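Note sheet for the following structure.
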Amino acid sequence: HEWVEHMVAEQLGLCSALQNYVMGMLEMHSGQPHLQHILLEETPLPRRVHQALLEAERDAAKTMAGFLGLYPEVRRVDLGQAGFLVVQTVESLTHRFAAHPDEQVMTKTSFVDEVVAMLVSYLKC
């Protein structure tokens, strides 16, 4: 929610706001990449933790849907679904990029630019 408030206060355009979001998620995942890989990909989560993660993802998707509604250029009819897809896509791609730094085929800057281009194309079509 703080991110949305910041983006609204800054009055950033859609591309800049999504770029900020992707970079923030990448930073969040970049702290200890190998530990994140083990915790999120190889270790089964306790039920309570799994449920909390699902709830956090639902909340993030709702927040993103509300945020997307601020931009008239977003043409997706169902903002709830669009918010869900944006959150899931960014979470998955940034986690994979950060958790496997030795396997990357592009720079961090290129990664952010390409993810944002993909999201903007989806949201505007």
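The values are calculated or read from the model by the stated rules, or taken from the named source; none is laboratory data. Because the structure is a prediction, the values reported are computed rather than measured. In this analysis, Cβ positions are derived from the backbone assuming ideal geometry, glycine residues included, and neighbour counts consider all displayed protein chains.
Cβ separations smaller than 6 Å between residues 6+ apart or across chains give the following pairs from segment 95-114 residues that are closer than 19 Å to Ala17 by Cβ to residues that are of a type in the set (Phe, Trp, Tyr) and surrounded by 13 or more Cβ atoms within 10 Å (Cβ to Cβ): Phe111/Phe97. Do you know which residues across segment 63-77 are touching a Phe, Trp or Tyr at 6+ places or on another chain (Cβ under 9 Å) and of a type outside the set (A, V, I, L, M)? Passing the criteria: Thr63, Phe67, Arg76.
Residues checked against (1) crowded, with 19+ Cβ neighbours inside 10 Å; (2) under 20 Å from Leu14 (Cα atoms); (3) within 18 Å of the chain's Cα centre (by Cα):
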{"position": "Glu73", "(1), (2), (3)": "no, yes, no"}
{"position": "Arg76", "(1), (2), (3)": "no, yes, yes"}
{"position": "Val86", "(1), (2), (3)": "yes, yes, yes"}
{"position": "Thr89", "(1), (2), (3)": "no, yes, yes"}
{"position": "Ala98", "(1), (2), (3)": "yes, no, yes"}
{"position": "Asp102", "(1), (2), (3)": "no, no, no"}
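For segment 49-71, a residue qualifies if it is among the hydroxyl-bearing types (Ser, Thr, Tyr) and under 17 Å from the mean Cα position of the chain (by Cα), and exactly one does: Thr63.
Taken as a whole, segment 24-39 holds at least one residue that is polar (S, T, N, Q), part of a helix (DSSP H, G or I) and either under 21 Å from Ala98 (Cα atoms) or at pLDDT 95 or above (or both).
Looking at segment 1-20, which of its residues are surrounded by 13 or more Cβ atoms within 10 Å (Cβ to Cβ) and closer than 9 Å to Phe67 by Cβ? Scanning segment 1-20 gives Trp3, Val4, Met7, Ala17. Out of all the residues in segment 44-54, is one or more under 19 Å from His29 (Cβ atoms), loosely packed, with under 13 Cβ neighbours inside 10 Å and among the β-branched types (Val, Ile, Thr)? Scanning segment 44-54, I find at least one residue that is under 19 Å from His29 (Cβ atoms), loosely packed, with under 13 Cβ neighbours inside 10 Å and among the β-branched types (Val, Ile, Thr), so the answer is yes.
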